[in-house]
DNA sequence: TATTGTTATACTCTATAACTATA
DNA sequence: TATAGTTATAGAGTATAACAATA
């Protein structure tokens, strides 16, 4: 089975999938302790790194979700007071999404924990020189 | 934001997540053309590489899903005639899950396409020497 | 008593399509 | 006409807890 890949290639593929799964599982579990899903965390993180607000459509494209799916998740976050919708001065159809003070505060708690987890599970297990190799090659994989 | 990771470390983390997401998205889309979810494909693949049958509990642990979730997915596959439940000779509570002829046939179609996709998106984009580095390091990440 | 597996149930999430309002 | 976003709706998948049967 999987005969067209050499043993080494197969092992590399399994390692990539296993590492990705493991990391994702650990992140999901950690976020659950803050009552956040990964999509919700991604929304908060995007808003946190954007200086000003973000439109719904733009955010939906960035997160690779549908507009209606994003409306649902933003609704969840808004109900918890973590994000707020503001009118767009240039386009009356559009909405600018912002973090509230509460959202910023939560993100300020979650992000360090997230970073620590990534360091523990990924960065610290990879040699510095190898890290650059992994980065460059996987960036190619991510490319269209 | 994400201040505790250097730019290079952050880039490596993003590359890993992006590569994993990209690969998963492509695989999911390809499997949809066979009307299979990833979990269902994993079930078929596990059964395909196991010589004899597999118990439900053992399979649930391997796939990191609950027993009831597995019962649901196996039910879907069984309804399509791709897998079959057989009694366990040694334990009257247990079930041995097997591929049917139809399941083997479908897997024989899906697996080469899967391998080709993995080759196109991953193996062919990574230098052979780098592949070994990626394999060894990511295997460490996957470890408990 | 513990374990194998199923069932009943409820819930979360996602997408499709139709819709409103504005460009 | 096209675009931004929401809503209504339905479907797929997952987990929890209770259950039956056997070890």
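The values are calculated or read from the model by the stated rules, or taken from the named source; none is laboratory data. Quick caveat, the model's predicted, so the values are computed rather than measured. Counting neighbours? That spans all protein chains shown, and the Cβs are built from the backbone with ideal geometry, glycine included.
Do we have residue A:88 as in contact with a strand residue (DSSP E or B) (Cβ under 8 Å, 6 or more places away or on another chain), within 16 Å of DNA strand D (Cβ to nearest atom) and modelled with pLDDT under 95 here?
Taking the combined requirement at face value, the residue does not satisfy it.
If you scan region A:97-132, which residues turn out to be within 7 Å of another protein chain (Cβ to nearest Cβ), closer than 29 Å to residue B:126 by Cβ and either crowded, with 20+ Cβ neighbours inside 10 Å or in contact (Cβ under 8 Å) with a residue 12 or more places away in the chain (or both)?
Within region A:97-132, A:118, A:121, A:122, A:123, A:126, A:131 qualify.
Just one of B:36, B:63, B:23 is touching a residue at least 40 places away in the same chain (Cβ under 8 Å) and within 11 Å of chain A (Cβ to nearest Cβ); which is it?
B:23
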